[in-house]
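These notes concern the structure reproduced below.
The values are calculated or read from the model by the stated rules, or taken from the named source; none is laboratory data. Since we're looking at a predicted model, the values are computed, not measured. Virtual Cβ from ideal backbone geometry, glycine too; neighbours counted across all protein chains shown.
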Amino acid sequence: MLRGMAAKPRVAIVGAGNLGTALTLALRDAGYSIDAVVAHSRGASLKRAQRLAKQVGARASDDLPDVQAELIWLCVPDAEVSRAARSLAGKLEWKGRVAFHSSGALTSDELAALRSRGAAIASVHPLMTFVRGSQPSLTGVSFAVEGDTRALRLARRVVKGLGGRAYSIRKKDKAAYHAWGAFASPLLTALLATTEQVAALAGVNRKAARERMLPILRQTLANYAAFGAAGAFSGPIVRGDVNTVRQHLRVLRGTPVSREVYFELARAALRYLPVKNKNSLKRMLDSSRG
């Protein structure tokens, strides 16, 4: 426990977007007292903050005066983290407080303006996707943490209270970590959107494609969880079926972006996964690229 701080410190959340909302509700459910939800002074941001504050018994504010929270957690877009920290630096007595931000790409140094005022700072990022209308569980979720020693002690305690798992990350690895997260969710979603375009070539509309794909998607993830990437890999490439892959490429001329995605994923499969007839597949892919 941090000296002079309760086992579950009061929390103020800055930003009421998808992440801020999910995190606020999760903290409330884990027994943390939410002192305030802070947002811009006008427009939709403040309205979201007011709705969220009402849910958790907190105040909605466009500023931080009179906030009693020991932990201030910034959940604003990456481009706003440093600017928000500078804006808030002169509005509180920061000595003895802890400040987190939840950017996956940025380091704790974005909060340097608060550190200079006496706060301990850290970046605390959950490897999870947050979209409007969804409230994902944080149980079992990995949180990448880095920052000041005092802030990290609190970060690990809070993450544990949320049911998550905290692990240390080096500042120099944050950009690669965030790119990894991009592949795990938003770019995976882009791949799913691409599959819908391919389904259209087979005469299947987007809604029907989504419904029909869900069983194979779920099973693929189950196989990946149980057997890893190599054990979950199936289909014509793993079998070394050159003719079938050639037919795929031929029909995909009807959706050039999807064809390009297929090429790159096939090349990744040849590099990272067990594939039969690898040399023949590579030659066919090279000759069909144009």
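Numbers at a glance
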| quantity | calculated |
| --- | --- |
| Pick from segment 138-156, criterion out of contact with any helix residue (DSSP H, G or I) (no Cβ under 8 Å at 6 or more places or on another chain) and in contact (Cβ under 8 Å) with a residue 40 or more places away in the chain, ranking: surrounded by the most Cβ atoms within 10 Å (Cβ to Cβ) | 155 |
| Condition check for residue 196: of a type in the set (D, E, K, R) and within 30 Å of residue 253 (Cα to Cα) | yes |
| Failed criterion for residue 164 (all others in (1) over 14 Å from residue 23 (Cα atoms); (2) crowded, with 16+ Cβ neighbours inside 10 Å hold) | (1) |
| In segment 159-210, the residues that are of a type in the set (D, E, K, R) and closer than 20 Å to residue 103 by Cα | 160, 165, 170, 171, 172, 173, 174 |
| Residues located in segment 107-128, provided they are of a type outside the set (S, T, N, Q) and touching a His at 6+ places or on another chain (Cβ under 7 Å) | 110, 111 |
| Any hit, segment 38-59, residues being touching a helix residue (DSSP H, G or I) at 6+ places or on another chain (Cβ under 7 Å), modelled with pLDDT of 90 or more and part of a loop (DSSP other than H, G, I, E, B) | no |
| Among the candidates 210, 250, residue that is touching an Asp or Glu at 6+ places or on another chain (Cβ under 9 Å) and either surrounded by 11 or more Cβ atoms within 10 Å (Cβ to Cβ) or in a helix (DSSP H, G or I) (or both) | 210 |
| Any hit, segment 61-79, residues being part of a helix (DSSP H, G or I), assigned by TED's automatic domain parsing to the domain that holds residue 164 and touching a helix residue (DSSP H, G or I) at 6+ places or on another chain (Cβ under 8 Å) | no |
| Verdict on residue 111 being touching a Cys at 6+ places or on another chain (Cβ under 8 Å), within 26 Å of residue 170 (Cβ to Cβ) and modelled with pLDDT of 95 or more | no |
| Residues being without any contact (Cβ under 8 Å) to a residue 60 or more places away in the chain and touching a Lys or Arg at 6+ places or on another chain (Cβ under 8 Å) - total across segment 63-85 | 4 |
| Test for residue 246: is it among the charged types (D, E, K, R) and either within 24 Å of residue 182 (Cβ to Cβ) or touching a residue at least 12 places away in the same chain (Cβ under 8 Å) (or both) | yes |
| Neighbours by Cβ (under 7 Å, 6+ apart or cross-chain): first from segment 120-135, among the small types (Gly, Ala, Ser); second part of a loop (DSSP other than H, G, I, E, B) | 120/148; 122/148; 123/103; 123/106; 123/107 |
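Each row is one residue, and each column tells you yes or no for (1) touching a helix residue (DSSP H, G or I) at 6+ places or on another chain (Cβ under 9 Å); (2) under 15 Å from residue 286 (Cβ atoms); (3) not aliphatic (A, V, I, L, M).
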site	(1), (2), (3)
245	yes, yes, no
248	yes, no, yes
264	no, yes, yes
271	no, yes, yes
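For (1) of a type in the set (Lys, Arg); (2) out of contact with any Asp or Glu (no Cβ under 8 Å at 6 or more places or on another chain), each residue gets a yes or a no:
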{"residue": "89", "(1), (2)": "no, yes"}
{"residue": "96", "(1), (2)": "no, no"}
{"residue": "104", "(1), (2)": "no, yes"}
{"residue": "108", "(1), (2)": "no, no"}
{"residue": "119", "(1), (2)": "no, yes"}
{"residue": "143", "(1), (2)": "no, yes"}
{"residue": "150", "(1), (2)": "yes, yes"}
{"residue": "154", "(1), (2)": "no, yes"}
